[in-house]
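Asker: Take this structure, written in C-alpha cells, and hold onto it; I'll ask about it next.
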Amino acid sequence: MNFMSEFPFDPLDMAPLLLAWYGRKGRDLPWRRNRDPYRIWLSEIMLQQTTVQAVIPYYHKFLADFPSVEALACAPVERVIELWAGLGYYSRARNLHTAAIRVVEDFDGRFPSTLDELKTLPGVGRSTAGAILSIAFDRKAPILDGNVRRVLCRLFALQEPPRSASAEKRLWFWAEALTSEERPHDYAQAIMDLGATVCTPKRPDCDCCPLESLCQARRQGLEQALPLKGQRKEIPTKKQVALVIECHGAFLVRRRPLSGMLSGLWEFPSRLLSAEQAPGQVASELLKEGGETTPLTEVGRVSHAYSHFRVEITVMYATVDAVGLVSESEDRWLTLAELSLLALHGAHKKIVPLLASP
Ligand code: SF4
C-alpha cells in the first residue's frame, strides 16, 4: 500500500533536520563505539522493553563473559540466564543463546547481513533486523521500535491506536519513506535518540525538537494526547505462598526447570494458591514434604507484575536444624550475602530484604 499522498510535508525534509540535531545532541552509548553487529544485536535485544540506564551494566557484564557470538554460543544456557537475571522478559535471554548457536552453525559465525537472514534468528523481528542492518551495516532499513513509533504517531498526528493493523501498515510505510538513503546508520540512532530524549512519552520537549516545524501533533496541540492508547486489558492476580527455610544462617533455594516461564532462574520453594487455600496451610504441606521444623510464621508479603498477570506472594518462614531434612539434591543453602548475588527471579528477589530480621 502506498500512503505517500498522506504526507503533510516533503519526506526529504525530515532527515537533514534530524541528522543536524543528532550531530549536536546524539547520545554516547557503549554499543555505539564500534559497528560490530554482535554488539549491536546484543544491545538491541537488551533494549527491548528496557531503558538504556538499566541495560548498560548488563551489556558490560555480558561482553565480559561472552566477548563474541562464538563465546555466547558455547556458554551453557544457565549461565546466560544467570547474567540476564533482573532484566526481565527471560525469553529474550533464551532466544539470544539459541540465535548465537544459529549464527555459528548456520552462518559460520558471520553475522547475517540481510533482512531475510536476520529474521530467521529467534527474537529478531523486522524492527530489530532493521536496527542491525542500518547501525551495523549502514544499509537503508526502517525501524519501528517504541520510540520511533511514538515520534511518527505525533509527526503525522495519527488518530488511531498505533498497534492496530491499519496503523501498523502506515507506520512502516512512513518509517521506510523517511529513512535516510545516504546515512542510514546515523538516521536510525538519531530517530531513536529523539524518541528517548525529546519526544518522550509524557512531556515531549517540543521547543527543543528539530522536527517541530513538520510535526502535525504540535500544530494541532495534540502532542500530549498522542499516540492514542489502545484498550488496556485487565490482568488477573494470582496468589502464591513462598516458603523461606533457614538453617543456621543459610536459606533454601531451588532452580526452576529449564523450560517454561522464568526457566533456569532460582527461587524459594513456592506454590500457587487456589481461591480456597490459606497460605499457612499450603506452606505446612510444603514443609511436610521435607521434615520437622519450627512453627511457621508470616514474615511479609510482596507483589510483582508480569506482562500478563500479577502475583501476590505471602512469605512464610521456619527454621530447621539439619539441611538434609527438607532439601533435595539440586537445592542450595545460601547466606543472605550469597542470595543477593544469585539469579533469583524478580518476584522472589523482593523477598530477600524481608529476611534481614525475620
Ligand atoms: Fe514530538 Fe513535539 Fe517533536 Fe512533535 S514537535 S516530534 S510532539 S517533540
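Asker: List the residues whose amide H sits under 5 Å from the amide H of residue 273, counting only those 5 or more places along or on another chain, with H placed 1.01 Å from N in the peptide plane.
Answerer: 239, 240, 241
Asker: Residue by residue through the range 62-78, what is 3J(HN,Hα) from phi via Karplus (6.51 cos²θ - 1.76 cosθ + 1.60, θ = phi - 60°)? Round to whole Hz and write x for glycine and proline.
Answerer: 4, 5, 5, 7, 10, x, 9, 5, 5, 4, 5, 5, 7, 6, x, 4, 4
Asker: For the ranges 234-247, 179-192, what's the packing order if you count other beta-carbon atoms within 10 Å of each residue, average per peptide, and put the highest first? If you can, show how the numbers build up before the last one.
Answerer: Numbers: 234-247: 18.3, 179-192: 20.7.
Packing order, densest peptide first, comes out as 179-192, 234-247.
Asker: Quick check: the angle from helix 146-155's long axis to the longest principal axis of the chain, C-alpha only, nearest 10 degrees?
Answerer: Between the helix axis and the principal axis of the chain, the angle is about 40 degrees.
Asker: Next question. Using the Karplus curve 6.51 cos²θ - 1.76 cosθ + 1.60 with θ = phi - 60°, what ³J(HN,Hα) values do you get for each residue of the range 26-36, in whole Hz, with x for Gly and Pro?
Answerer: These are the phi-based 3J(HN,Hα) values: x, 7, 8, 10, x, 7, 9, 7, 8, 10, 5 Hz.
Asker: While we're here: What whole-number volume per residue, in cubic angstrom, does the convex hull of the C-alpha atoms of the chain give? Don't skip to the end; give the middle numbers.
Answerer: Working: hull volume 57.6 nm³, N = 358.
Cα-based convex hull of the chain, divided per residue, equals 161 Å³.
Asker: Got a sec to turn the phi values of the range 2-16 into Karplus ³J(HN,Hα) couplings, 6.51 cos²θ - 1.76 cosθ + 1.60 with θ = phi - 60°, whole Hz, x for Gly and Pro?
Answerer: 10, 10, 4, 5, 7, 5, x, 8, 6, x, 6, 6, 6, 4, x
Asker: Now for a separate question. Using a cut-off of 10 Å between beta-carbons, work out the net charge of the residues near residue 211 (Lys and Arg +1, Asp and Glu -1, residue 211 not included).
Answerer: On the way: positive: 154, 218; negative: 13, 212.
Residues close to residue 211 contribute a combined charge of 0.
Asker: Excluding same-chain residues fewer than 8 positions from residue 140, which lysines have a Cα within less than 19 Å of its Cα?
Answerer: Straight-distance partners of residue 140: 119, 169.
Asker: Next up: Would you pull out the residues with amide H under 5 Å of residue 26's amide H, same chain only if 5 or more places away, H placed 1.01 Å from N?
Answerer: none
Asker: Put +1 on the Cβ of every Lys and Arg and -1 on every Asp and Glu Cβ in the chain; which of 335, 56, 177 then has its Cα farthest towards the positive end of the dipole?
Answerer: Result: 177.
Asker: Less than 10 Å Cβ to Cβ from residue 315, Lys/Arg counted +1 and Asp/Glu -1: what total charge do the surrounding residues give? It would help to have the intermediate numbers written out before the result.
Answerer: Numbers: positive: 301, 350; negative: 298.
Neighbour charge sum, excluding residue 315 itself: +1.
Asker: Angle, helix 184-197 long axis vs. longest principal axis of the chain, Cα atoms, 0 to 90°, nearest 10?
Answerer: 60 degrees
Asker: Could you order peptides 59-65, 302-308, 169-175, 23-29 by the average number of other Cβ atoms within 10 Å of their residues, highest first?
Answerer: Values: 59-65: 15.6, 302-308: 13.4, 169-175: 19.4, 23-29: 11.7.
Highest mean packing first, the order is 169-175, 59-65, 302-308, 23-29.
Asker: List the residues, sorted by chain then number, that are 5 or more residues from residue 160 or on another chain and whose placed amide H is less than 5 Å from its amide H.
Answerer: Correct list: 228.
Asker: Could the peptides 309-316, 30-37, 215-222, 200-207 be put in order, highest first, of the mean number of other beta-carbon atoms found within 10 Å of their residues? Don't skip to the answer; put the middle values down first.
Answerer: Values: 309-316: 19.1, 30-37: 14.8, 215-222: 16.8, 200-207: 12.1.
In descending order of packing, they fall as 309-316, 215-222, 30-37, 200-207.
Asker: What 222 nm value per residue comes from the helices of the chain, counting each DSSP H run with n ≥ 4 as -39,500 (n - 2.57) and dividing by all residues, nearest 500 deg cm²/dmol? Walk me through the numbers before you get to the answer.
Answerer: Values: 15 runs with 146 residues, N = 358.
That comes out to -12000 deg cm²/dmol.
Asker: Quick check on the chain: of the DSSP beta bridges with both residues there, what percent are antiparallel, nearest 5%? Write out the running numbers ahead of the final one.
Answerer: Details: 19 of 30 bridges.
Here the antiparallel bridges make up roughly 65 percent for the chain.
Asker: What whole-number distance in Å separates the alpha-carbon centres of the range 43-64 and the range 233-253?
Answerer: A separation of 28 Å, based on Cα centres.
Asker: Which is farthest toward the positive dipole end of the range 237-355 among 247, 286, 347, measuring Cα position about the Cα centre, with Cβ charges +1 (Lys, Arg) and -1 (Asp, Glu)?
Answerer: 347
Asker: Expressed in nm to one decimal, what extension gain is obtained for the pair residue 12 and residue 106 from 0.36 nm per residue of sequence separation less their Cα-Cα distance?
Answerer: Numbers: separation 94, 0.36 × 94 = 33.84 nm, distance 3.89 nm.
Contour length minus Cα-Cα distance gives 30.0 nm.
Asker: While we're here: Which is farthest toward the positive dipole end of the chain among 305, 22, 268, measuring Cα position about the Cα centre, with Cβ charges +1 (Lys, Arg) and -1 (Asp, Glu)?
Answerer: 22
Asker: Quick one: among 338, 117, 276, which has the greatest mean-square fluctuation in a GNM of the chain with alpha-carbon springs under 10 angstrom?
Answerer: In the Gaussian network model the winner is 276.
Asker: Just to confirm a number: summing +1 for Lys and Arg and -1 for Asp and Glu over residues other than residue 71 whose beta-carbon lies under 12 angstrom from that of residue 71, what do you get?
Answerer: Numbers: positive: 79; negative: 65, 70.
For residues surrounding residue 71, the net value is -1.
Each value in this text was obtained by applying a stated rule to the coordinates, not by laboratory testing. No experiment lies behind these values; they were computed from the predicted model shown. Counting neighbours? That spans all protein chains shown, and the Cβs are built from the backbone with ideal geometry, glycine included.
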